[in-house]
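The block underneath contains the structure these notes are about, expressed in structure tokens.
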Amino acid sequence: YFLDKSDKYDSRDVERLQQDDKWVENYLIWRHDVVDDTLKMIDESFQWRKEYTVNDLSESVLPKWLFEIGALFLHGYDKEGYKLFWFKVKHHTRDPKQQLDKKKLVAFWLEHYAKRDHGKPLTVVFDMAETGISHIDLDFVRFIVNCFTDYYPNFLTKIVIFEMPWIMNAAFKIVKGWLGPDAISMLKFTNKSDVQEYISGEYLPPHMGGTDSFKYSYPPLVDDDFQTPLCENGPITSEDEHESKEEIDADTKETGELNEAQNLNHKKMNSIEQISKSEETDKTEVKPKNAKKALTTFKGPLLHISPAEELYFGSKETGEKKCLIVLTNITKNVVAFKVRTTAPEKYRVKPSNSSCEPGTSLDIIVSLHGGFAASLQDRFLIMAAEMDQSSGAGVPELTQFWKEVPRTKVMEHRLRCHVIESSKPSSLTLKDNAFNIPAKTNEDLHIQLTHLLQINKRLEEQMNRCLWFQQLSVVLSLLSVTVAAFCFYLASAQRS
């Protein structure tokens, strides 16, 4: 494919395909591990990506009015923790002259999210309240369907259709024909009485029976609703972090504690094994007792962040209330950072707004406040940017720095919450606890299972090779016997 059609692909997509195993895996999953079908999908999606200049789509190349009308945007999460991609159908009007720009807007949002959240699947919501025959645009709907079935692999969890008018039933019968059996099972037709089976009320607007007071506006782009500030002593009410006295007081306290922590962190190596070891042995207040080992690491241009994707909290039954985030500065300059969340009323973060010295590691403790419980919908955003050597690292300097730093120089990384459900303790677990041996978590068991599967796969490959050599040896032996018998026959024939 690459040799014959290299001029039809964007070289950046080809390079990513060669380096991003997760992307390749998503194509394979979406095509049920059928390699020929997977190659065909990659070929079609790559040609489409180049045709629509997907890698170069930005706010500046699309008409501003497209963003302002609010027909498409990302906001909130469903009950499984998947991001919601909203299509406000009443804001869409059929116009062939605008169709290409509208299609590029869909591609922009999908690519924007895919790059930001590393391809975590979406839930699509068609809000068809107050719509009629004038809003039917089958060409546009087909394009949206194709984006998920042909261009963005393994990117769709479900399509929630809210209050579809009866007059559109015929049109959606046509749409079902485009989807295929797998995607048809993802269609969820809902109304005000049952939409909360899929999306909780906190992320539904009032006309859908929810309590979400969110009002779309542009600019800026609708983000994940990360709010600020966060502080050590629990939630604070001010939305302006630069004017909040409570946060400044908390950050001053954090900075003093941070200096002591950084002196210890100078001694740490940058390897994740060293960090994990220090988590187990250090019993001071700086680290929670139940801190989990950092098993994966996000390697950003400024900071390495561990864990890479999820913070593990216990349910109300398990009672695990604290998590540890480890930041490692890989630059030669001081890196300022701050932490935001979609649920600031729930969490304490220590430190939430500080800096990390070159080549050192820093621990951030995230703990649940009061009687709150973690939710799959909760998200954390870590923002980081390099500071000049001459800049100070105190609270006033950091406040001024975040006011002035350009958005393009800020590294962002998102973490989601994972809630560990309680389970009945077995006799083995009780025995382990009696000897102060920590019980294995679901994550540890998953890693061990993955390791065993890999070992099993290698053994299977070795057995297959042994069987092949065995079969080859048998064939060669038979061939040798046949040749010897033939030579013996020739010799006896000559003597006679």
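The values are calculated or read from the model by the stated rules, or taken from the named source; none is laboratory data. Computed from a predicted model, the values in this text were never measured in an experiment. Don't worry about glycine lacking a Cβ; one is built from the backbone with ideal geometry, like all the others, and counts go over all protein chains shown. For the accessible areas, the whole protein counts, side chains as well, though only heavy atoms, and no ligand, DNA or RNA atoms are used. Shrake-Rupley method; radii C 1.70, N 1.55, O 1.52, S 1.80 Å.
The criterion of being polar (S, T, N, Q), at pLDDT below 75 and at negative phi does not hold for Thr482.
Checking Glu397, Glu421 one by one, the residue that is among the acidic types (Asp, Glu) and either touching a Cys at 6+ places or on another chain (Cβ under 9 Å) or modelled with pLDDT under 80 (or both) is Glu421 and no other. Of all residues in region 200-229, exactly one satisfies the criterion of being part of a loop (DSSP other than H, G, I, E, B), of a type in the set (A, V, I, L, M, F, W, C) and either modelled with pLDDT of 85 or more or more than 26 Å from Val339 (Cβ to Cβ) (or both), namely Leu204.
The residues on offer are Phe126, Phe140, and the sole one that is aromatic (Phe, Trp, Tyr), open to solvent by less than 30 Å² (accessible area, probe 1.4 Å) and assigned to a helix (DSSP H, G or I) is Phe140.
Yes or no, residue by residue, for (1) of a type in the set (Phe, Trp, Tyr); (2) open to solvent by 20 Å² or more (accessible area, probe 1.4 Å); (3) outside any strand (DSSP E or B):
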residue	(1), (2), (3)
Lys338	no, no, no
Glu345	no, yes, yes
Ser354	no, no, no
Gly371	no, yes, yes
Gln377	no, no, yes
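The criterion of at least 1 residues that are open to solvent by 20 Å² or more (accessible area, probe 1.4 Å) and among the aromatic types (Phe, Trp, Tyr) is met by the following helices (runs of 4 or more DSSP H) wholly inside region 8-112: 21-30, 64-68.
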